[in-house]
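Notes to accompany the following structure.
What follows draws every value from the coordinates through simple rules; no lab data is involved. From a predicted model like this one, the values you see are computed outputs, not experimental measurements. Here the Cβ is made from the backbone with ideal geometry for all residues, glycine too, and neighbour counts use every protein chain on show.
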Amino acid sequence: MASAMVSTILPLYVVYILKDGVDKLGIIVGIATFISYFFRVFFGIISDKYQIVKPFVVTGYIISAISKPLFAFASSWQEIALLRGIERMGKAIRSATKDKLISFYAENKSGRSFGFHKMMDIGGETIGALIAFLALYFIGKNIEVFKGIFLATIIPGIISIILVIFFVEDVAVEKKEKQIDLSKDKSLFGFLLIYFAFLFFMFSNEYFIIKAKEVGFDIAFIPLLVILLNFTQTITSYYFGILIDKYTPQKIITFSYIFGILSMIFVYFNLVILAFIFLGLFLVSSLNSIRSYISINAVNKASVYGIFYGGVAISSSLGAVIIGQIWEKVGERVAEIFSLSGLIVVFIIYLFLSKML
C-alpha cells in the first residue's frame, strides 16, 4: 500500500510538478531499479551462507517504511533519486529472503504460493493507488497534496513492521554456515537471461504513467489506471499460479512474453487502458513463473533468487535510462519503436531456443 502511494504519483511529481524531463525520470527509475534488484544478489547469498531469513525481511521493511515519508521534503530530482535509492535498498534486503521463506512453506505448490503472495501484494498496491486517486481528485493536484500523500505512507509502513515482527514465522534451519556451489544451478541461467533481455526493452511502469498523461488523461485520474493495472494482477495472480503448477513455469512464461508485446503495441497505438491491462498480465504471470521455476529447480534458492533479481537490476535499469534518453532527445514514438522492436526480436530468439532451456 505504501509503495503504491509513492510509485503511482512519483513520475507525475518529477515531470509535471518539479518540471524535470523524462530523461531525469529515467535516471531516477534506473538508479532505483538497479539498487532494488542488484543488491538482492548479495543478501540472497548471505542468506544461504549464514541461514539468515526473517532478520533481513524485518530490516528491509523498516528501511522502506522510514524512507518513504521523506519524499515530502525533497525538492529536486537528485534528492528524489537519493531517497528512492534508499527506499529500494530496503526492498533489496528483504526480497530474496522473503522468496526463500515462501518457498520453504510452499512444499509442492510453489505456483499457488507465489500466486497468492503476489495477489495480496498487488491488492495492497491497489489500495495505495486508490488513496492517491482520492487525494488528488477530492483535495487537489498541487504540490502540497503530493507531499501529504508521501507523508501518509508512514501509517501503512508502521503496520507492515508490526506484522512482520510479530506475525511472520522464521524458517527453521540449522544455524551453521553453508557452502554455496552455484555450478549446481548453472542450467537455470539461460532461461533467466532471456527474461533479462526482454525486460531491457520493456517500458517500466513509470513510462506507462507518463504515456497516459501525454495522451490526455488528467493527473487526478491516472491513479485509476494504476488501480486497473493492480486489479488485473490481483484477480489473475492465483489463477496463473494454478496454471504454473499444472503446465510448468516454462509454458506460462511464453504467454507472459506475448502479453508484454501486446501491452507495448497498445502503447504505440495510444490504447492506454488496454496497455495497462496487458502490462498487468505480463508482470504477474512472468514474475510468478520465474519465482516458481527457481523454487522447483534451484539448489541454492536464495542465491539464485538474488542472482535473478541482480539480472533484473542491470537489464531494467539500463533499459529505463536508455529509453528515457531516447524519449527526451529523439521523441516518444522512437522510444516506443525501439522498445517494441527489441521485444519482438527477443521473443523470436526465445522461441528458437525454448527447446534447449
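Tabulated data for the structure shown
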item: Tensor-based shape of the stretch 263-313 (alpha-carbon gyration tensor, a/c under 1.5 rounded, otherwise prolate or oblate); result: prolate
item: Once exposed loop GluC sites (Glu not before Pro) are cut out (DSSP; at most 14 other Cβ, 10 Å), longest piece of the chain; result: 178-357
item: Three-way shape label, the stretch 111-155, alpha-carbon gyration tensor, a/c 1.5; result: prolate
item: Ranked by how many other beta carbons lie within 10 Å on average, peptides 288-294, 219-225 from highest; result: 288-294, 219-225
item: Entries in K24/K251; K98/K355; K118/K147; K49/K184; K211/K251; K49/K186 that, when Cα-Cα distance is taken, lie over 26 Å; result: K24/K251; K98/K355; K118/K147; K211/K251
item: 3J(HN,Hα) from dihedral phi, the stretch 270-281, Karplus parametrisation 6.51/-1.76/1.60, rounded to Hz, x for glycine, proline; result: 6, 8, 5, 4, 5, 4, 5, 4, 6, 4, x, 4
item: Charged-residue dipole, Cβ positions (Lys, Arg, Asp, Glu), the chain about Cα centre, Debye nearest 20; result: 600
item: For the chain, built as a Gaussian network whose Cα springs stay under 10 Å, the top-fluctuating residue of K68, K19, K147; result: K19
item: For the stretch 233-239, Karplus couplings with θ = phi - 60° (6.51, -1.76, 1.60), whole Hz, Gly/Pro x; result: 5, 4, 7, 10, 4, 5, 5
item: In order through the stretch 110-122: 3J(HN,Hα) via Karplus (6.51 cos²θ - 1.76 cosθ + 1.60), integer Hz, x for Gly, Pro; result: 5, x, 5, 5, 6, x, 5, 4, 5, 4, 5, 4, 6
item: Those aspartates and glutamates that a straight Cα-Cα span of less than 20 Å connects to K246, excepting residues fewer than 8 apart in one chain; result: E107
item: Among M120, M202, M264: highest mean-square fluctuation, GNM of the chain, C-alpha pairs under 10 Å; result: M120
item: Within-11-Å neighbourhood charge of L151 [Cβ basis; K, R +1; D, E -1]; result: +1
item: Cα gyration tensor category, rounded, prolate or oblate, for the stretch 49-208 with a/c compared to 1.5; result: prolate
